[in-house]
Amino acid sequence: MVSGSTPSMVSFPPCKINVGLNIISKRDDGYHNILTVFYPVPWHDILEIIPSKKASFTVTGQPVPGSAKENLCLQAYDILKEDFKLVPVSIHLHKIIPMGAGLGGGSSDAAYTLRTLNELFDLSLSHEALRNYAARLGSDCAFFIEEKPVLGSGRGEVLTDIRISLKGKFLVIVKPEVQISTASAYANSSPGKPTVDLRTIMEKHAVNEWRGLLKNDFEDNLFKQFPFIQSIHQKLYATGAQYASLSGSGSSVFGIFEKAIDLRNRFEGLTYWSGYLN
């Protein structure tokens, strides 16, 4: 428990891209077994948590659908409160990472709420314990506890190390004003074991060799359903991307470039981010 004099804590939840995503099989619990590489991206939301007399959650920036009680940040607070005597907190989220983009922004916000509460309240929870709490909130929440490149399996919550570094590569992310339902994306997918192992591709081949080997299994159906998204994918390759792909089951498309490039004028009117990877 903390005293009322405890200062506020501000953190900067990042997002991620999925570098390759194979939908292996449908599970008995209704979810799907997948295989993917999560890679952290330094595009951030801003999260502030302050001990308060009454629990509250507020949002500025991009609109976040649903009520405050439905938000994963408050749910993260609630699951820790089940096991620890926490005083109420005021949580404020300034939303920058777009929603429904396949970038994991909401999952990152939830994971960073756990991380921040752990530090703020001196709970001394290990990374493993935090990952277990995070996995209860969402399939890719656990990734954001440590935010290093990992291979995700199961629903995405089973994380194992992988030898990959994109440090120094330049990333461009483009998101059209399209919202894609994760449930419908999976419903229209065709699970199956890939012909080439994802880990083998990532560890044995250079980035400029990934095209034609490394695939996001959502692309076939979503590109047919939303040709405009496919056109973004094609344009990123046409402007020199070493590799381009849909991220997750969302509507954003990313391109990995050898050097910095400014493509804003090619994607006017669309949400756009670019920067170097760590």
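Listed values, structure above:
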item: Under the Debye formula (equal points on every Cα, no solvent term), log10 I(q)/I(0) of segment 191-278 at q = 0.17, 0.25, 0.26 Å⁻¹; result: -0.79, -1.45, -1.50
item: Alpha carbon convex hull of the chain, projected area averaged over orientations, nm²; result: 14.6 nm²
item: Label-point separation in nm, Met99 to Asp197, each point 7 Å along Cα→Cβ; result: 4.0 nm
item: Estimated [θ] at 222 nm from DSSP helical runs (n ≥ 4, -39500 (n - 2.57)) normalised by residues in the chain, nearest 500; result: -7500 deg cm²/dmol
item: Net charge of neighbours whose Cβ lies under 14 Å from the Cβ of Ser90, counting Lys and Arg as +1 and Asp and Glu as -1; result: +1
item: Alpha carbon Rg of segment 1-97, scaled by the compact-globule rule 2.2 N^0.38 Å; result: 1.36
item: Angle in degrees between helix 105-120 and the longest Cα principal axis of the chain, rounded to the nearest 10; result: 30 degrees
item: All Cα pairs of segment 150-244, percent lying beyond 15 Å; result: 70 percent
item: Carbon and sulfur %, accessible surface of the chain computed with the full protein complex present, 1.4 Å; result: 50 percent
item: Surface/4 estimate of mean projected area, convex hull on alpha-carbon atoms of segment 43-135, nm²; result: 5.9 nm²
item: Spin-label pair Glu209/Lys167, simplified geometry with 7 Å Cα→Cβ offset, distance in nm; result: 2.2 nm
item: Sum of side-chain charges, Leu214 neighbourhood, beta-carbon under 15 Å (Lys, Arg +1; Asp, Glu -1); result: -1
item: Acute angle (nearest 10 degrees) that the helix 227-238 long axis makes with the longest principal axis of the chain, alpha-carbon atoms; result: 70 degrees
item: Per residue, in Å², the accessible surface of the chain once ligands and nucleic acids are set aside, probe 1.4 Å; result: 46 Å²
item: Hz values of 3J(HN,Hα) by residue in segment 258-265 - Karplus curve (6.51, -1.76, 1.60), Gly and Pro given as x; result: 6, 10, 4, 8, 10, 10, 4, 5
item: Taking N as its residue count, the alpha carbon Rg of segment 83-172 over 2.2 N^0.38 Å; result: 1.19
item: Positive-end extreme of charge dipole, the chain - chosen from Val89, Ile24, Asn132 (charges on Cβ); result: Ile24
item: Segment 222-277-segment 2-76 distance, computed between alpha-carbon centres (Å); result: 24 Å
item: Cα-projected label distance for Asp28 with Tyr237, points at 7 Å along beta-carbon direction, nm; result: 4.1 nm
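The values are calculated or read from the model by the stated rules, or taken from the named source; none is laboratory data. Nothing here was measured: the structure is a model prediction, and the numbers come from that model. Cβ sites come from the backbone with ideal geometry, for glycine too, and all protein chains shown count toward neighbours. We work out accessible area using only protein heavy atoms, side chains counted, and drop any ligands, DNA or RNA first. Shrake-Rupley method; radii C 1.70, N 1.55, O 1.52, S 1.80 Å.
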